[in-house]
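**Q** Got a structure here, written out as structure tokens. Questions coming.
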Amino acid sequence: LAKTTQPISMDSYEGQEVNITCSHNNIATNDYITWYQQFPSQGPRFIIQGYKTKVTNEVASLFIPADRKSSTLSLPRVSLSDTAVYYCLSPWMDSSYKLIFGSGTRLLVRP
Amino acid sequence: SAVISQKPSRDICQRGTSLTIQCQVDSQVTMMFWYRQQPGQSLTLIATANQGSEATYESGFVIDKFPISRPNLTFSTLTVSNMSPEDSSIYLCSVDVGTEAFFGQGTRLTVV
């Protein structure tokens, strides 16, 4: 079961690009990498998922190098409303279909 | 996608009492998951609820403390029994649709 490691917290300013890196050294061949976002007083919300190279959607980009031992969530031009906790999950579920959450990265966007 | 409704959204309870949290999904799902999120912490899985069978509990959680019902494919309840202040947390239910998980808004429980 892959264990993820990510920074506990990050600070940024409005309009900047934020990159949050997650380490998953023991990722298995079939594992995907998935990122969730959680605002205060809400449940986590799916952001993006990928297997290799680069995935982009309307919210973020996910960069995964060839060895897949890490991934980087990129948030372009953050705003105050991007202040949240970001969780990297790999695998997104284990063999029993359970999500395994790590500690997450608490992102604070300042004006 | 899936829309999940949790009730109540919050409650303040006396120690020694029990609270039942309801989770309603707008579509039929095989498995429903219950999580606990203590203040400032990540999510911890309590149990997995399958319709027609007993829930499967994670290490550190027992059925006597957190009984779960799953009467049909769109509904589940989690009861927090004989509560103590240490049970003060947010409790969330979740379902998987394809490769994406959907969560309820959570139930914020305060035990006094």
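**Q** Checking residue A:9 against (1) in contact (Cβ under 8 Å) with a residue 24 or more places away in the chain; (2) closer than 29 Å to residue B:48 by Cα; (3) open to solvent by 60 Å² or more (accessible area, probe 1.4 Å); (4) within 13 Å of chain B (Cβ to nearest Cβ), which test does it fail?
**A** Going through the list (1) in contact (Cβ under 8 Å) with a residue 24 or more places away in the chain; (2) closer than 29 Å to residue B:48 by Cα; (3) open to solvent by 60 Å² or more (accessible area, probe 1.4 Å); (4) within 13 Å of chain B (Cβ to nearest Cβ), residue A:9 breaks only (2).
**Q** Sticking with this one: May I ask you to list the residues in segment A:65-97 that are modelled with pLDDT under 95, open to solvent by less than 50 Å² (accessible area, probe 1.4 Å) and either out of contact with any Leu (no Cβ under 9 Å at 6 or more places or on another chain) or assigned to a helix (DSSP H, G or I) (or both)?
**A** Residues satisfying the conditions are A:68, A:70, A:90.
**Q** What about residue A:45, is it under 30 Å from residue B:55 (Cα atoms), out of contact with any Leu (no Cβ under 9 Å at 6 or more places or on another chain) and modelled with pLDDT of 90 or more?
**A** yes
**Q** Here's something else I'd like to know. Give, as residue ranges, the strands (runs of 3 or more DSSP E) completely inside chain B that count at least 1 residues that are open to solvent by less than 40 Å² (accessible area, probe 1.4 Å), under 23 Å from residue A:32 (Cα atoms) and among the β-branched types (Val, Ile, Thr).
**A** Once the strands (runs of 3 or more DSSP E) in chain B are filtered for at least 1 residues that are open to solvent by less than 40 Å² (accessible area, probe 1.4 Å), under 23 Å from residue A:32 (Cα atoms) and among the β-branched types (Val, Ile, Thr), what remains is B:43-50, B:89-97.
**Q** Quick one: would you say residue A:48 is buried (at least 19 other Cβ atoms within 10 Å of the Cβ) and either farther than 22 Å from residue B:94 by Cα or out of contact with any strand residue (DSSP E or B) (no Cβ under 9 Å at 6 or more places or on another chain) (or both)?
**A** No.
The values are calculated or read from the model by the stated rules, or taken from the named source; none is laboratory data. None of these values were measured; they are calculated from a predicted model. A quick note on method: Cβ atoms are made from the backbone with ideal geometry, for glycine too, and the neighbour counts reach across all protein chains shown. Keep in mind that these areas ignore ligands, DNA and RNA; they rest on the heavy atoms of the full protein, side chains included. Shrake-Rupley method; radii C 1.70, N 1.55, O 1.52, S 1.80 Å.
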